[in-house]
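The values are calculated or read from the model by the stated rules, or taken from the named source; none is laboratory data. All figures in this text were calculated on a predicted structure; none of them were measured in a lab. Note that we place each Cβ from the backbone using ideal geometry, even for glycine, and neighbour counts take in every protein chain shown. Ligands, DNA and RNA are stripped out before the accessible areas are found, and what is left, the full protein with its side chains, is counted by its heavy atoms. Shrake-Rupley method; radii C 1.70, N 1.55, O 1.52, S 1.80 Å.
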Amino acid sequence: MAPVNFRRAMLALGVGGFAIGTGEFVIMGLLPEVANDIAVSIPQAGHVISAYALGVVIGAPVLAVLAAGWHRRALLVALMAVFATGNFASALAPGYLSLNVLRFMTGLPHGTYFGVAALVAAALAPPDRRARAVGLVMLGLTGATLVGVPIAAWLGQLFGWRAAFVFVGVIALIAVVLLRRDIPDMPAAAGASPWRELGALKRKQVWFTLGIGAIGFGGMFSVFSYIKPTLIEVAGLPIGGVPIVLALFGVGMVAGNLVGARLADKSLTRTIGGLLVWSMLVLSVFTFAAHHIVTAAINVFLIGTIVAIAPALQIRLMDVAGDAQTLAAALNHSAFNMANALGAWLGGVAISAGLGWTSTGWVGALLAIAGLGVFGASLLSARADASARRGAIA
């Protein structure tokens, strides 16, 4: 194998993450234009977001299992090529049904790409820098909220929403070239097969870790899903200031991703537990901070840092999955999309019940506490299993 340029390899993986992050989030700011063009209501247009998320949740385990024996580089290139094709096709969708089907198909490679990219990044990094390598891959996703989404949204406003998907497709094609050039031709693990990957589902710690992500990470989405009306109605923020505060959220995500990855390399268990406590505190404060523009803006930045838990959970999944690495790593992003759906739904329930816009902060804090509960159960289960093994040996 030729010498690997670590930085170029991380850049290639990160550009792929940047394309996926931009493609996933840009549509949220262009729903009125999409609704008008395909002649549906804005809530109906919002179904394309759900269709993409459903594609992520289904695609991650299915593709990870089916492609268990593929070489890593070939799989990454194929996944990114499918993603590029899906975005170009989405730009040509003639109507509501076709756009939903195409967004579903475009979401299929999402989770598997990030899972395999994390495995490659961790394999190329020194043992004590695995989480930081995974963080560099995730930096593409978090950086997309700060740079890619605003650019794509601007193109969508200027040339129509279809131009935004063309832009994402072009980035994905660039990623295909970089992945083909800079990622070494790494084979799958010896003996890899669909049946062995499915073995991950027999491991309790895999399910515990997925539960931490699906529940504990949902708090961020319970607040962020309704952040615009909350800022306007509660904090009194002029509508022109909303993009600035949203940019602060993006900065918080980037900062959290980098710091969280470093902390995870030092102590994985303490990092996960500490970040769940951090999430609970920050989301609780939102209920009070949201009443003033300055404190709301600072708190939104801090809420963005909750994403720091993502690299830690990714590494933990890889550690507890045994020889079923690909499926476990890919399922992390299924869990995050479930967190998105759960947090947004529960936040909406609280608002609809008349508890007010700021009630999403309490919802988020409760989800963080529930995530801590799952994490605690995970640790207790691991200790019980270790004690049972020692007893069997004795």
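Given charges of +1 on the Cβ of Lys and Arg and -1 on the Cβ of Asp and Glu, with all other atoms neutral, how large is the dipole of region 8-157 about its Cα centre, in debye to the nearest 20? Each step should come with its number before you reach the end.
Numbers: 7 positive and 4 negative charges, 120 e Å.
It works out to roughly 580 debye.
Rounded to whole Hz and in sequence order, give me ³J(HN,Hα) for region 354-363 from the Karplus expression 6.51 cos²θ - 1.76 cosθ + 1.60, θ = phi - 60°, writing x for Gly and Pro.
For region 354-363, the Karplus-derived couplings read x, 7, x, 4, 6, 5, 4, x, 5, 4 Hz, x marking Gly and Pro.
Starting from one equal scatterer on each C-alpha and no solvent at all, send me the Debye-based log10 I(q)/I(0) for region 73-212 at q = 0.10, 0.22 Å⁻¹, two decimals.
Relative scattering, expressed as log10 I(q)/I(0), comes to -0.43, -1.42.
Take the Cβ-Cβ distance between Arg8 and Ala353 as r, set R0 to 35 Å, and report the resulting FRET efficiency rounded to the nearest 0.05.
It comes out at approximately 0.10.
Compute the distance in nm between two label points, each set 7 Å from the Cα along the Cα-to-Cβ direction, one at Arg203 and one at Met28.
3.1
Run the numbers on region 30-182 and let me know its relative contact order in percent, using alpha-carbon pairs under 8 Å that are six or more apart.
This gives 32 percent for region 30-182.
Can you tell me which of 91-99, 103-111, 124-132 comes out highest on packing, and rank the rest after it, using the mean Cβ neighbours within 10 Å?
On the way: 91-99: 15.2, 103-111: 26.3, 124-132: 17.1.
My ranking of the peptides, most packed first, is 103-111, 124-132, 91-99.
Calculate, for the chain, the solvent-accessible area per residue in square angstrom, rolling a 1.4 angstrom probe over the heavy atoms of the protein chains. Intermediate values should be presented prior to the final figure.
Numbers: 16230 Å² over 394 residues.
Ligands and nucleic acids excluded, the result is 41 Å² per residue.
Can you pull the one-decimal nm distance between simple spin-label points at Ile293 and Asn36, each 7 Å off the Cα toward Cβ?
2.7
Work out the length of the dipole vector of the chain about its Cα centre, built from +1 on the beta-carbon of each Lys and Arg and -1 on the beta-carbon of each Asp and Glu, and round it to the nearest 20 debye.
Values: 23 positive and 12 negative charges, 212 e Å.
Dipole of the chain, to the nearest 20 debye: 1020 debye.
Residue farthest toward the positive end of the dipole of the chain, with Cβ of Lys/Arg at +1 and Asp/Glu at -1: which of Met280, Gly347, Val300?
Among Met280, Gly347, Val300, the one farthest towards the positive end of the dipole of the chain is Met280.
Provide the FRET efficiency to the nearest 0.05 for the His47-Val259 pair, computing r from the beta carbons and using R0 = 35 Å.
FRET efficiency, His47 to Val259: 0.45.
Give, in nm to one decimal, the length gained when the segment between Ala382 and Ile244 is fully stretched (0.36 nm per residue of separation minus the Cα-Cα distance).
45.3 nm
With Cβ to Cβ distances under 15 Å as the rule, what net charge do the other residues near Ala45 carry (K, R +1; D, E -1)?
Details: positive: Arg103, Arg162; negative: Glu33, Asp37.
My count for the surroundings of Ala45 gives 0.
Give me the net charge of Arg262's neighbourhood, meaning all other residues with Cβ under 10 Å from the Cβ of Arg262; Lys, Arg count +1, Asp, Glu -1. Don't jump to the answer; show the numbers that get you there.
Details: positive: Arg129, Arg132, Lys266; negative: Asp265.
For residues surrounding Arg262, the net value is +2.
Between (1) 116, 48, 38; (2) 68, 47, 37; (3) 65, 43, 35, which entry matches Cα extents along the principal axes in Å as derived from the coordinates of this structure?
Answer by label: (3).
Around Trp161, what is the net charge, scoring Lys/Arg as +1 and Asp/Glu as -1 over all other residues with Cβ under 9 Å from its Cβ?
-1
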